[in-house]
Structure formats: structure tokens, C-alpha cells
Amino acid sequence: MVKVAVIFHSVGGTTRQLAAAVAAGASEVAGVNVIQAEIVGTDVKLGRFCNSSLLAQLDGADAIIFGSPTYMGCVSAQFKAFADASSERWSQQLWANKIAAGFTIGSNVSGDQLSTLQYLQVFAGQHGMLWSGLDIPENNGVDSFNRLGAQLGLIAHSVGGTVDEADVRTAHYLGQRVAKVSKIFVS
Ligand SMILES: Cc1cc2nc3c(=O)[nH]c(=O)nc-3n(C[C@H](O)[C@H](O)[C@H](O)COP(=O)(O)O)c2cc1C
């Protein structure tokens, strides 16, 4: 079985909704097991992410899909605390060769979400992971997939705390894609 992990932080629930769709998409691919894990604020103590069992869960995954709301043009502080805590894995390159992907959401259509995805890609690169973006070349219209047109990963836009249906569909597709890509690379 190929193991795909979805790890995310969410305050208002919109990133959590996307994470659920990503996980559902991945779990529809035959031969794939999905782990869904949430970064919560109470796991950050004196600025440090302290949930070692959550990090250990990710060690066994073949792919890790990272999700964070866009806060001030990047990941949230809670997600960054998690990323910093992963540095012990980085020093031994324990996550090297895992597939990586990312998703984010902001309340503006163009609220610098791409910067968040680029950070997630750099983060994955630091770990020696292999980044998978979206293979959707056109936005296919507002009611279809990838309406905001990013290919590095999923960019979503929340309006009043509600996630657009097309973004949820794209999240589902991203999960499927990462699961399929992982199956190609994991023998
Ligand atoms: C501190 C803070 C900073 C934010 N910065 C941005 C931003 O840079 N760009 C943007 O489009 N939205 C920004 N937002 C809006 C959130 O990204 C948006 O509401 C998102 O849907 C929240 O995700 P969640 O429901 O998973 O918590 C910000 C919200 C907060 C609270």
C-alpha cells in the first residue's frame, strides 16, 4: 500500500475543508492509504511545535501534502512552527524522496497565495522531497477545476468563510493526482 499524508493547519475551517477533499481524492485511488493530520495551536508552546507523534506519523508516508491558510503572504505561524520542528528530520534527510504537494487559501482572489505555495515547495526541497503540482493546463471556466489557474498546487479563495465548489473539486483532484504520482514512484 502507498501511504499519502495530508497535514494542514486551519483556524476558520476553510483549509480543513480543502484537506478533507484532498484526502478523499487520494483515498479513491486503489492501493492508497491516507493519513490526515492537523496542526493545532495548542501544540505550539513558547513558539515551538511540540507534537512529536504527529511528526513521527509523517515519517512512514510515501507522500506528504501540506496545507496552510495564507497569512500575511505566507503560511500561518502555526504551520511554520511545525515546519521548523521538522528540522530534526531535515538534518538526516528522513523525508528525502517522498512526493510533496501543497494547497492554500486566502480571502482575496489574488492575496499572495502563490507565495505560500512557493514557500511550501522550498520547504519540501529542503527535505529532499519531490514536488508534484497540478497537471491542469487551463482553468476550464469558473465552474470546473483550477479556476484560479495555479499549477504549482491548489490556490483557493474563501468568501465570508465559504470555500468555492470549484476549489473543493480541485482539492479532490490534487489528492488523486498525488496518489497516482506516488504509485508511479513507490515500487
Ligand atoms: C492573520 C491573517 C492574515 C491573513 N493574510 C491573508 C493574506 O495574506 N492573503 C489572503 O488572501 N488572505 C489572508 N487572510 C485570510 C485567510 O487566509 C482566509 O480567511 C482563509 O480562508 C483562512 O483559512 P482557515 O479558514 O483555514 O483558517 C489572512 C487572515 C488572517 C487571520
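Within the chain, how many Lys pairs sit with Cα atoms under 18 Å apart, leaving out pairs fewer than 8 places apart on the same chain? Provide the component values of the computation, followed by the final result.
Values: LYS3/LYS98; LYS3/LYS180; LYS3/LYS183; LYS45/LYS80; LYS98/LYS180; LYS98/LYS183.
So the count works out to 6.
Taking the Cα atoms of region 1-87, what is the range of coordinates along each of the three principal axes, in descending order and whole Å?
Sorted from largest, the Cα extents of region 1-87 read 41, 25, 19 Å.
Using only the alpha-carbon atoms, what does region 67-122 span along each of its principal axes? Please give whole angstrom values in decreasing order.
Principal-axis extents of region 67-122 (Cα, largest first): 38, 21, 13 Å.
Take peptides 124-132, 77-85, 150-158, 49-57 and line them up by average Cβ neighbours within 10 Å, highest first, as a rough protection proxy. Working shown, then result.
Values: 124-132: 17.4, 77-85: 20.6, 150-158: 22.9, 49-57: 15.0.
Highest mean packing first, the order is 150-158, 77-85, 124-132, 49-57.
Determine the shape class of region 107-187: with a ≥ b ≥ c the square roots of the Cα gyration tensor eigenvalues, call it rounded for a/c under 1.5, and otherwise prolate if a/b is greater than b/c, oblate otherwise.
Here region 107-187 falls in the oblate category.
Local charge sum around ALA21 (other residues, Cβ-Cβ under 13 Å, Lys/Arg +1, Asp/Glu -1)? Don't jump to the answer; show the numbers that get you there.
Working: positive: ARG16, ARG169, ARG177; negative: GLU28, ASP164, GLU165, ASP167.
Cβ neighbours under 13 Å give a net charge of -1.
Under a point-charge model restricted to the Cβ atoms of Lys and Arg (+1) and Asp and Glu (-1), what is the dipole moment magnitude of region 2-185 relative to its Cα centre, in debye to the nearest 20?
Numbers: 12 positive and 14 negative charges, 71 e Å.
It comes to approximately 340 debye.
So, R0 is 41 Å and r is the distance between the beta-carbons of LYS45 and SER144; what FRET efficiency does that work out to, to 0.05? Spell out each step's value before the answer.
Details: r = 43 Å, r/R0 = 1.05.
That gives a FRET efficiency of 0.40.
Using the basic label-point model (7 angstrom from Cα toward the beta carbon), what is the MET72 to GLN92 distance in nanometres?
For the pair MET72/GLN92, the computed spacing is 3.3 nm.
Just to confirm, what accessible area per residue do you get for the chain at 1.4 Å probe, in whole Å²? Don't skip to the answer; put the middle values down first.
Numbers: 8420 Å² over 187 residues.
Averaged over the residues of the chain, the accessible area is 45 Å².
Report the gain in length on full extension from GLN57 to VAL11: 0.36 nm times residue separation, minus Cα-Cα distance, nm rounded to one decimal.
Values: separation 46, 0.36 × 46 = 16.56 nm, distance 2.20 nm.
Full-extension gain reported as 14.4 nm.
Label THR162 and VAL186 with points 7 Å out from Cα along Cα→Cβ: what is the distance between them in nm?
It is 3.7 nm.
How large is Rg over Rh for the chain, taking Rg from the Cα atoms and Rh as the Kirkwood inverse mean of 1/r across Cα pairs? Present the calculation step by step, with values, prior to reporting the outcome.
Working: Rg = 15.1 Å, Rh = 16.1 Å.
Using Cα coordinates only, the ratio equals 0.94.
Taking 0.36 nm per intervening residue step and subtracting the Cα-Cα distance, what contour gain separates ASN33 from SER107 on full extension?
Working: separation 74, 0.36 × 74 = 26.64 nm, distance 3.17 nm.
Computed gain between ASN33 and SER107 is 23.5 nm.
Determine, for each peptide in 106-116, 173-183, the mean count of other beta carbons within 10 angstrom over its residues, then list the peptides with the highest first.
Values: 106-116: 17.5, 173-183: 23.2.
Packing proxy ranking, top to bottom: 173-183, 106-116.
Carbon and sulfur atoms: what percent of the 1.4 Å accessible area of the chain do they account for? Please report the intermediate quantities before stating the final value.
Working: 4360 of 8420 Å².
Carbon and sulfur together cover 52 percent of it.
Could I have the simple spin-label model distance between GLN151 and VAL122, label points 7 Å from Cα toward Cβ, reported in nm to one decimal?
2.2 nm
May I ask for the distance between the Cα centers of region 80-106 and region 1-51, given as a whole number of Å?
13 Å
The values are calculated or read from the model by the stated rules, or taken from the named source; none is laboratory data. This is a predicted model, so every value here is computed, not measured. Using ideal geometry, Cβ is built from the backbone for each residue, glycine included, and neighbour counts are taken over all protein chains shown. Side chains included, ligands, DNA and RNA excluded: accessible areas come from the protein's heavy atoms. Shrake-Rupley method; radii C 1.70, N 1.55, O 1.52, S 1.80 Å.
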